[in-house]
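Engineer: Take this structure, written in structure tokens, and hold onto it; I'll ask about it next.
The values are calculated or read from the model by the stated rules, or taken from the named source; none is laboratory data. Remember, it's a predicted structure, so these values are computed and weren't measured experimentally. Please note: Cβ atoms are built from the backbone with ideal geometry, for glycine as well, and neighbour counts cover all protein chains shown.
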Amino acid sequence: MAASGAPRAQKLITCAGRLALPKPTAPLRPCRRALATEATHQQNPADAILDSAISASGTTDSGTTAPPAPHAAPRAPSAAANDRLRQDWLFHRHQNALLSPLGTTIAPHYQPHTLLSHPPAPKDITLELLLASQAHIGHATSLWNPANAKYIFGVRGERDPIHIISLDVTAAHLRRACKIVRGVTERGGLVLFVGSREGQARAVVKAAQMAQGCHLFSKWIPGSITNGQQILGKCRTRVVDEHDNEVAGFADQLLQKAALKPDLVVCLNPLENYVLLHECGLNNIPTIGIIDTDANPTWVTYPIPANDDSLRSVQVIAGVLGRAGQEGQAVRKAKAKRGIVDYRQNHGLQPPSDEDEEAKEKAEKDQSLLAAADAFDVDLDVEDEVFPPDSAHATTGLGEGSAFGELDPSLSSESSGEELEEGFLPYEQRNNSLGGGELEGQQLEPQFAGNGDEERGADGEGEAWREKSGDER
């Protein structure tokens with residue numbers, strides 16, 4: 001009892017003082033003497049940690065397993081405890097055992113496909129994300145454009161120095177561009193994503209799908225905006241309502257309208273698409289572009305200073321802008337479900353009337369009938385006009401059930417062996433009498449057998465020429 005009660009008494013004294021001890025029935029002199037003896041043998045904190053580590057491992061200096069000591073009895077310091085190195089090692093092990101579950105575990109977690117399957121949102125823009133995507137690396141100082149001085153953080157390298165882009169400025173400009181894309185899509189605008197470098201196609205298509213816009217990953221055709229009616233005039237356009245459902249009845253009006261122009265253009269490589277940016281400037285179309293240290297930031301309306309040569313940096317920026325467009329589309333559709341339309345499209349189209357709908361349906365019906373008639377080889381209406389049913393040509397035919405009627409006997413006289421009319425020559429004889437191809441190009445007149453000598457002369461030159469022509473034939 002005395003051994004187990006001593007530590008309890010020491011703990012009570014340490015926590016609440018001597019007044020917290022229970023009132024003993026025996027005199028206090030033996031208790032005080034025992035507490036004083038235990039206080040003299042109290043170990044320092046380092047020895048206590050060392051003893052706890054040894055007791056936790058269950059081994060002694062010689063390597064044998066020691067029996068567990070009584071909890072109450074104080075453990076005398078061993079000879080090995082004086083070794084400072086051993087004490088530090090045991091303390092290090094003890095500290096790792098206590099602190100290893102705390103904190104975070106840093107492990108390689110970058111997966112390239114996640115930038116396309118699950119792009120980051122505008123709220124996920126951090127300096128760590130931009131730094132990991134190499135958005136801060138610029139071009140060589142020899143290629144520096146002085147207009148980018150406010151975006152450059154410093155220079156790295158001595159032999160081949162390059163500029164370092166300030167990520168604070170990049171994050172601020174990227175957040176501003178996200179607000180622009182979200183505002184345009186929230187008001188029903190059309191966003192065009194352009195990226196014509198190798199490897200940017202998937203990022204451009206994914207961003208356009210999220211923002212419900214258009215994409216271009218090939219070469220820009222000059223004049224697609226300034227001369228869009230000639231280049232894009234045959235592209236199909238449609239009219240949709242606030243729920244993105246197509247509205248019929250505007251086909252005739254859309255044919256008279258010019259080609260559709262984007263409301264915002266996002267260019268991921270401005271250096272190769274200068275013609276596109278120039279056309280947007282002529283038509284007052286705002287633009288967003290990734291501006292490296294060798295590009296001119298005045299080419300675009302809202303520049304994003306970043307590395308345009310890193311595919312990971314381009315995918316991060318395109319994915320963030322696509323997510324911003326997706327958020328704007330979600331807000332617009334949510335308002336449309338509640339019947340709220342707070343934007344207006346100046347398209348200049350008139351709503352179709354009921355008469356226009358009836359005329360359109362009639363025209364489509366006529367077109368379908370004409371297409372069905374063209375599918376047949378015989379037109380029955382034209383046949384009745386040529387051969388009326390009560391005529392002699394309709395009474396006889398080429399055979400039973402013939403639609404044309406019987407052939408005229410005069411037309412088949414040559415095949416049936418009947419004699420020709422007097423004064424009529426067949427085509428072959430007439431051609432031979434005229435000399436075949438020697439008179440090609442001249443106007444031919446009908447020839448008769450009764451006056452052949454008169455036509456060619458009385459001396460018989462015509463007959464000799466006819467025989468010569470027949471021999472050559």
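Engineer: Given the criteria in contact with a Lys or Arg (Cβ under 8 Å, 6 or more places away or on another chain), modelled with pLDDT under 85 and either assigned by TED's automatic domain parsing to the domain that holds Q209 or surrounded by 10 or more Cβ atoms within 10 Å (Cβ to Cβ) (or both), does A80 qualify?
Structural biologist: Answer is yes for this residue.
Engineer: In addition: Among the residues of region 123-150, which ones are β-branched (V, I, T) and within 13 Å of I165 (Cα to Cα)?
Structural biologist: Passing the criteria: I137, T141.
Engineer: Which condition from (1) touching a Lys or Arg at 6+ places or on another chain (Cβ under 6 Å); (2) closer than 30 Å to H139 by Cα is the one that E246 breaks?
Structural biologist: Condition (2) is where E246 drops out.
Engineer: In region 220-237, how many are exposed (fewer than 11 other Cβ atoms within 10 Å of the Cβ) and closer than 27 Å to A334 by Cβ?
Structural biologist: Matching residues across region 220-237 total 0.
Engineer: Among the residues of region 186-206, is any more than 26 Å from Y274 (Cβ to Cβ) and in contact with a helix residue (DSSP H, G or I) (Cβ under 6 Å, 6 or more places away or on another chain)?
Structural biologist: Among the residues of region 186-206, at least one is more than 26 Å from Y274 (Cβ to Cβ) and in contact with a helix residue (DSSP H, G or I) (Cβ under 6 Å, 6 or more places away or on another chain), which makes the answer yes.
Engineer: Now, a different point. Could you tell me whether region 244-261 includes any residue that is in the same structural domain as R312 (by TED's automatic domain parsing), part of a strand (DSSP E or B) and either under 30 Å from V331 (Cβ atoms) or touching a residue at least 12 places away in the same chain (Cβ under 8 Å) (or both)?
Structural biologist: No, that holds for no residue.
Engineer: OK, next. Take F217 and decide whether it is in the same structural domain as N296 (by TED's automatic domain parsing) and on the phi < 0 side of the Ramachandran plot.
Structural biologist: Yes: the conditions hold for F217.
Engineer: I would also like to ask the following. Just to be sure, is R182 in a helix (DSSP H, G or I) and in contact (Cβ under 8 Å) with a residue 24 or more places away in the chain?
Structural biologist: The answer is yes for R182.
Quick grid of which residues meet (1) farther than 25 Å from D309 by Cβ; (2) surrounded by 15 or more Cβ atoms within 10 Å (Cβ to Cβ):
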site: M210; (1), (2): no, yes
site: S218; (1), (2): no, no
site: E242; (1), (2): yes, yes
site: Q256; (1), (2): yes, no
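Engineer: Let me ask another. Would you check which residues across region 282-312 are without any contact (Cβ under 8 Å) to a residue 60 or more places away in the chain, in a helix (DSSP H, G or I) and surrounded by fewer than 16 Cβ atoms within 10 Å (Cβ to Cβ) and list them?
Structural biologist: L282
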